[in-house]
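The values are calculated or read from the model by the stated rules, or taken from the named source; none is laboratory data. Small disclaimer: the values here were computed from a predicted structure and weren't measured. Reconstructed Cβ throughout: ideal geometry from the backbone, glycine too, with neighbour counts over all protein chains shown. When the accessible area is computed, the model is the full protein with side chains, heavy atoms only, and any ligands, DNA or RNA have been set aside. Shrake-Rupley method; radii C 1.70, N 1.55, O 1.52, S 1.80 Å.
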Amino acid sequence: MHRIIRMTLAIAGLILLSLNTSRINAQTADLIADDIKIIDTVDLFGSPIQQAVGVLRNTSDQAYTEIEVEATAYDAFDQIIGGGFGFIVRACGEAVLPDFTLQPGMEQTFAVTLELDNPAAAIVEVEINPLATPIEATPVEAVETRGITQLTRQETVRLEWTADGTLLHGAGCWRDLFTDLRWSEYNPANGEDTPTTHPKIEAVTEALRRQTGLLDEVYFQHSFLTYAPNNRRMLYQTEINTVVTAEPDGSFKRTLFDKLATRTLQTITWLRDGNFLAAYYGAYGDPVTYFTASVDGRPLSEHPENITPSLITPGASPSGDQIILANTIDGITGYYTRRAAFEGLTRLFEAEPPGNNWPGPIWAQPEAGTNIFYIALPGEDGPRLTCYNLAVGELVDLAPLPFRLETDERAWWTLSPDNQTIALGASGVHGGLWIIDIGLIGRSCNT
């Protein structure tokens, strides 16, 4: 539950009584704490704790390092009831490296574990004081590739194109439900990007959770509950990972696949007309199993138990009846296609695939009879955007891609309804959201 938050109005530049006299309280003029909330979570040992989490924005022209965050908790009578010290983290709570530097204009998530004098006390306000060492700013290298524009540096983990061609994008932890993300809407027509509320958030009520059996908060957070873009119905997984689709209020449930208790759902990729691809793996480097289905409750592929695994997170045709994946067959590692409901692979080209944390191939059909694949492949200097026209049979290198991933970070992308724009999101300290205008790249797969 979100609570009222009070941020302290400390004097900018105040020198603290500290062993490091360069460390300052930079709250008012430089480092701004925003989007703050109190969450209930567990520590490494499974014990319940409360944390103050939010975003720290650097609004100055200098950089900051050695960043700590001090929090003071208050009750309804304005009495101090506890507090704590915390640090800069990634959106899912993992600590960043000690030498992390928050450059001008950048923002990063923070988390403070709160210790209360009385564990039963209720926090109604929290005061946030960032402590940091100022250093000379280092210009952030911008990707200057024709046709590729960075929209935000926030960790962007959900991407949904609307029917009218605008993009909904959610920032936060990739494990969180869409209800817990910070949403914005980008309009390619005028270039405006404005904060918004996801249109389906109001549908997630206690009545829906009762209908779906997700009243327990642990099961609810595990559910992957999501609504199909431009479609009425939604899907979720149960506490034993059975995949179910339902109406917006949780009624008229249809079970898609069960016997998935030993598999970990990692991504849902929405295709067209409510079709989707679900991908499963355990950790980085693991093979990926998957299935395709319709949010109406119609399976389009075999059960994941019976599918040849992929070395990457696969892609699927807009109708969900065909798959593009990577595998090693007869000693040849490369990209293959297959019919979703039948065995048998058709080789496209040889290539060394990336990790399963990279975005899976996009299968585009800009016109009847045309099949174009947009694929992120490793290059000597980083990720590359490539494309493959099934009719031509040639892999074409298009441009460098801007994301940089550690093994525990991820990237996603999705194609606009008019097949002209790719939205690329990534997590991690180098995460963000980029808009790729295919027509401006300069090369094409159409010929």
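Things worth noting here:
- Criterion applied to T162, T205, T196, T179 was being touching a helix residue (DSSP H, G or I) at 6+ places or on another chain (Cβ under 6 Å) and of a type in the set (S, T, Y), and the one residue passing it is T179.
- Strands (runs of 3 or more DSSP E) enclosed by the stretch 317-385 - at least 2 residues per element that are charged (D, E, K, R) and either touching a residue at least 12 places away in the same chain (Cβ under 8 Å) or surrounded by 18 or more Cβ atoms within 10 Å (Cβ to Cβ) (or both): 332-339, 346-350
- Single residue of the stretch 182-198 satisfying the filter (modelled with pLDDT of 95 or more and part of a loop (DSSP other than H, G, I, E, B)) that is surrounded by the fewest Cβ atoms within 10 Å (Cβ to Cβ): T197
- Per the conditions (1) within 26 Å of Q108 (Cβ to Cβ); (2) among the aliphatic types (A, V, I, L, M); (3) open to solvent by 20 Å² or more (accessible area, probe 1.4 Å), the sole criterion not satisfied by L395 is (1).
- Between L260, L277, the distinction of being open to solvent by less than 20 Å² (accessible area, probe 1.4 Å) and either in a loop (DSSP other than H, G, I, E, B) or at pLDDT below 95 (or both) belongs to L260 only.
- Meets criteria (out of contact with any strand residue (DSSP E or B) (no Cβ under 8 Å at 6 or more places or on another chain), of a type outside the set (S, T, Y) and open to solvent by 40 Å² or more (accessible area, probe 1.4 Å)) for R210: yes
- Annotation note: of L415, L424, the sole residue that is in contact with a helix residue (DSSP H, G or I) (Cβ under 9 Å, 6 or more places away or on another chain) and either crowded, with 21+ Cβ neighbours inside 10 Å or among the basic types (K, R) (or both) is L415.
- Among residues that are over 22 Å from the mean Cα position of the chain (by Cα) and of a type outside the set (S, T, N, Q), G213 is included.
- Only listed residue being more than 30 Å from Y64 (Cα to Cα) and assigned to a strand (DSSP E or B), chosen from E160, E115, E127: E160
- Members of the stretch 119-165 found to be more than 30 Å from Q266 (Cα to Cα) and open to solvent by 80 Å² or more (accessible area, probe 1.4 Å), listed by number: P119, A120, E136, T138, P139, E141, E144, R146
- Selection count where residues are under 30 Å from L97 (Cα atoms) and outside any strand (DSSP E or B), scope the stretch 391-447: 15
- Filter result (in a strand (DSSP E or B) and among the polar types (S, T, N, Q)) within the stretch 41-96: T41, Q50, Q51, N58, T65, T72
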